[in-house]
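Each remark here refers to the structure printed beneath this line.
The values are calculated or read from the model by the stated rules, or taken from the named source; none is laboratory data. This is a predicted model, so every value here is computed, not measured. Cβ placement follows ideal geometry from the backbone for every residue including glycine, while neighbour counts extend to all protein chains displayed. In case anyone asks, the SASA skips ligands and DNA or RNA and just uses the protein heavy atoms, side chains included. Shrake-Rupley method; radii C 1.70, N 1.55, O 1.52, S 1.80 Å.
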Amino acid sequence: MPRISAQEFEHLPLRVHEFLAGVPLHDVWAIDLPRARSGITLDEFLRMTSSCLLTPPPIVRMLLNIRLFVGRLLGCDREPSPTACEPFATRLTSADRSRSLAPAGTRQGLFRVVYCFENEQLLELVNRTAHAAALSALVETANAYHFYFAVYVRSVSRFTPVYMALIDPFRKLVVYPSLLRAIRAKWNKSFGTV
């Protein structure tokens, strides 16, 4: 599953570029999905797959359970006070709120919805290790769909860069490729292959 450059990603007409201006883009991945028909939206795909694309495959669940266990032991997963780390949802404009198909703050597993547009969804996770956002976007082309998965990380302490460096190999070698393979499988199951 290919990582793509930030420059390529930033040329896409997505709200997230302006919305998270100033928040570092940690990395971005993209996969091609077969074009069974035109007009498929991310929202339609989410509805057909129980609205959570970030449902982890078994190997990822195992790594996540280990991470959550260690996080509970060390107290890393408690959310900081709202004054210590302002949620991204505070950046929403009234136009963003009216366009969003899900209210800000709605829980999706470990994440909270920031916004969910027809072809773009932003989720966030805030704890004592990082303030992270996960973007899913679907772009239709003449021959295929491109699914983009981007991760933004804002430091919440001096430990954030160390933490991200520690988990990077797992994220890049196991977690994201597994999630993207699962997304492709869900797509093929939902819309068939060409």
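Brief remarks on what is shown
- Any chance THR129 is among the polar types (S, T, N, Q) and either crowded, with 16+ Cβ neighbours inside 10 Å or without any contact (Cβ under 8 Å) to a residue 60 or more places away in the chain (or both): yes
- Screening the candidates ARG99, ARG154 for the property of being basic (Lys, Arg), at pLDDT below 95 and open to solvent by 20 Å² or more (accessible area, probe 1.4 Å) yields one hit, ARG154.
- TYR148 open to solvent by less than 30 Å² (accessible area, probe 1.4 Å) and closer than 19 Å to VAL28 by Cα: yes
- None of GLY105, GLY75 is modelled with pLDDT of 90 or more and not β-branched (Val, Ile, Thr) except GLY105.
- Number of the condition not met by GLU44 [criteria: (1) open to solvent by 30 Å² or more (accessible area, probe 1.4 Å); (2) over 14 Å from TYR145 (Cβ atoms); (3) modelled with pLDDT of 90 or more; (4) part of a helix (DSSP H, G or I)]: (2)
- For first residues located in region 176-189 and over 11 Å from LEU33 (Cα atoms), partners that are open to solvent by 50 Å² or more (accessible area, probe 1.4 Å) and lie 6+ apart or on another chain with Cβ distances below 8 Å form the pairs TYR176/MET1; PRO177/MET1; SER178/ILE59; ALA182/THR55.
- For region 160-175, the condition of being touching a Lys or Arg at 6+ places or on another chain (Cβ under 8 Å) and of a type in the set (Lys, Arg) holds for at least one residue.
- Search result, residues across region 1-13 that are part of a loop (DSSP other than H, G, I, E, B) and farther than 12 Å from PHE149 by Cβ: SER5, HIS11, LEU12, PRO13
- Tally of residues being buried (at least 16 other Cβ atoms within 10 Å of the Cβ) and outside any helix (DSSP H, G or I) across region 14-40: 13
- Answer from LEU123, LEU173, LEU101 - the residue that is within 26 Å of ALA30 (Cβ to Cβ), without any contact (Cβ under 8 Å) to a residue 60 or more places away in the chain and outside any helix (DSSP H, G or I): LEU101
- Cβ separations smaller than 6 Å between residues 6+ apart or across chains give no pair from region 1-22 residues that are over 16 Å from VAL139 (Cβ atoms) to residues that are of a type in the set (Gly, Ala, Ser) and assigned to a helix (DSSP H, G or I).
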